[in-house]
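What follows is a short report on a single structure.
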Amino acid sequence: MMPNIKTHLKGMGKLAYVYMLAVALSWVAFPVIVICLQQYAQIYVVISVYTFFVTLILIAMLYITMHGFGEADRKPYGWARYNTKGFVCALMMFAAVLLAEEIIILLADQYIIVKHPFLTIESLNHYAKLVIYMPFMWFYRIISPPTEVSVVPDITWSTAFFPGIIILLASGIGYIMGYHGIRIIKNPPKAAALRKFLYGGPRKSKKKKPIPKEDAK
């Protein structure tokens, strides 16, 4: 039982790491957008375009990560290996994200008050949206048009599961493809850095200790 729990936690950890990278990436260009680009276009339009590309990068990273995880599971380890393992790990990870969202909401509503000229953060829901849903801001901008008061879109319980659908599909399909040894790009690229990014670097084999001469006799 313990190895099965550990392998699922390992998959969840990989997905959580990728998702946090996407959240960080979606915030990287925010100061540049606010300072330099707002004079050329409305800020929410620029953010929407940028976060759309972040979503594409997130999908690629989730797929590649779980493809490698599925390839590793092809080896005869003593833990659970099944086709839908990627979907299960993704579902558990997104449930943990929603739980973290509720904790952020609770703490933010109790202890934090933020006023910003571009982002009006009035309710506890806004904090979690900015932190967790930033990679998908483009989607929420489409279904929730901006207003003069705030560029932060409204996220309801029904639309909050949209990121989970993308995470489930990218992770689950990536794991299945890796588990069955199927690669979209059959021939690895010649560039070492790109090859390592797509397929992972070769694992260093452990050096065997030389057998003492006395034991070798």
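Numerical summary
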read-out: Residue list for the range 153-171, filter: surrounded by fewer than 16 Cβ atoms within 10 Å (Cβ to Cβ) and modelled with pLDDT of 75 or more; value: F161, F162, I165
read-out: Flag if M134 is within 14 Å of the chain's Cα centre (by Cα) and either open to solvent by 50 Å² or more (accessible area, probe 1.4 Å) or at pLDDT 85 or above (or both); value: no
read-out: Residue in the range 66-88 that is at pLDDT 65 or above, crowded, with 18+ Cβ neighbours inside 10 Å and in contact with a Lys or Arg (Cβ under 7 Å, 6 or more places away or on another chain) present; value: yes
read-out: Candidate set from the range 5-37 (those that are under 16 Å from the mean Cα position of the chain (by Cα) and among the β-branched types (V, I, T)); member that is most open to solvent (accessible area, probe 1.4 Å); value: V28
read-out: Residue count for the range 21-56, restricted to those that are in a helix (DSSP H, G or I), farther than 12 Å from R141 by Cα, modelled with pLDDT under 75 and hydrophobic (A, V, I, L, M, F, W, C); value: 7
read-out: Pairs, first over 20 Å from I182 (Cα atoms) in the range 72-94, second open to solvent by less than 30 Å² (accessible area, probe 1.4 Å) and in a loop (DSSP other than H, G, I, E, B), C-beta under 8 Å, six or more apart; value: none
read-out: First in the range 162-185 and assigned to a helix (DSSP H, G or I), second anywhere and polar (S, T, N, Q) and open to solvent by 50 Å² or more (accessible area, probe 1.4 Å), Cβ under 7 Å, 6 or more apart; value: G172/T84; I176/N83; Y179/N83
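The values are calculated or read from the model by the stated rules, or taken from the named source; none is laboratory data. Note that the structure is predicted; figures quoted are calculated from it, not measured. Glycine also receives a Cβ, built like all others from the backbone with ideal geometry; neighbour counts cover every protein chain displayed. Keep in mind that these areas ignore ligands, DNA and RNA; they rest on the heavy atoms of the full protein, side chains included. Shrake-Rupley method; radii C 1.70, N 1.55, O 1.52, S 1.80 Å.
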